[in-house]
Amino acid sequence: AAAVTTVNAGKLTMSTNAAFPPYEMTTDNGDFEGIDIEVAGAIAKKLGLELQVDDMDFDAALLAAQNGKSDMVMAGVTVTDERLKVMDFSDTYAEGIQSIIVPEGSDIATADDLSGKAIGTQRGTTGYLYCTDDFGEENVIAYDDGLTAVQALNNGQVDAVVIDNAPAQEFVAANPGLKILDTAYAQEDYAIGVAKGNTQLLDAINGALEELQADGTLQAIVDKYITA
Ligand code: ARG
């Protein structure tokens, strides 16, 4: 493959928000791990680059790629029409569902029941956008990350949290007394975002993704973190 030009020569710089298990999280030692981190590492290797992870708030991670401060944003990012106006996306590499977390015994049983309730979300996410659209901005609180939103739910500051299903499962497993409703709020596709018009990098990423899919690497990484 032809060499790609990157923000920092020899490196593939990924902006992310490493508080979104199992896609990206920070270990006690301060290392980054998760599906996105490993897939990005595999892509970098295929392109002859070294992966560099830049951890920041989710909205900042999107902007960094959009403005060419990072080569790509990989953060369980949902492809939306709005985002497609400001950045380009790779082929889809995973799927997500917006889930609703409530305390055991909550009277919220369906998405409709969220009406009039205090809903916790992560700033800049599709969960935030859907909830403000459907239930009004005054009912939706935006936290810095999903974990903080879940802590607010634990403390009774919000009645529910709307977040992607995979982190929802991790957060609920770690917080007894919470449960995920059996109802999906929205179905989504995850992809890697790059600056609009950076087709050289996008083609290289898609080529690498295709190879990782074909040789089973992608599935092996997912299986390592998500047990069906
Ligand atoms: N899929 C959702 C979105 O794109 C949430 C992603 C949040 N990711 C993260 N690493 N915090 O808006």
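Only the coordinates and a few stated rules stand behind these numbers; no lab work does. The model shown is predicted, which means the values in this text are computed figures rather than measured ones. Please note: Cβ atoms are built from the backbone with ideal geometry, for glycine as well, and neighbour counts cover all protein chains shown.
Tell me, what is the Rg over Rh of the chain, with Rh the Kirkwood radius over Cα pairs?
Ratio of gyration radius to Kirkwood radius for the chain: 0.98.
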statement: Shape descriptor, region 11-55: equivalent ellipsoid semi-axes (Cα gyration tensor, sqrt 5λ, whole Å, largest first) stand at 18, 10, 8
query: Under the rule of -39500 (n - 2.57) per DSSP H run of 4 or more residues, summed and divided by the residues of the chain, what mean residue ellipticity at 222 nm is obtained, to the nearest 500 deg cm²/dmol?
result: -10500 deg cm²/dmol
- prompt: How high is the FRET efficiency between LYS179 and LYS11 when r is their beta carbon distance and R₀ equals 35 Å, given to the nearest 0.05?
  reply: 0.25
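How would you order 78-86, 148-156 from highest to lowest mean count of nearby Cβ atoms within 10 Å?
148-156, 78-86
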- prompt: Based on the Kirkwood radius over alpha-carbon pairs, what value in µm²/s does the Stokes-Einstein equation return for the translational diffusion coefficient of region 96-187 at 4 °C and 1.567 mPa s?
  reply: 104 µm²/s
message: Cβ neighbours within 10 Å, averaged per peptide: list 202-208, 131-137, 174-180 in order, most packed at the top.
response: 202-208, 131-137, 174-180
message: For a quick size check, give me the Cα extents of region 1-128 along its three principal axes, largest first, whole Å.
response: 56, 37, 22
- prompt: If you take the alpha carbon radius of gyration of region 139-209 and divide it by 2.2 N^0.38 Å, what ratio comes out, to two decimals?
  reply: 1.52
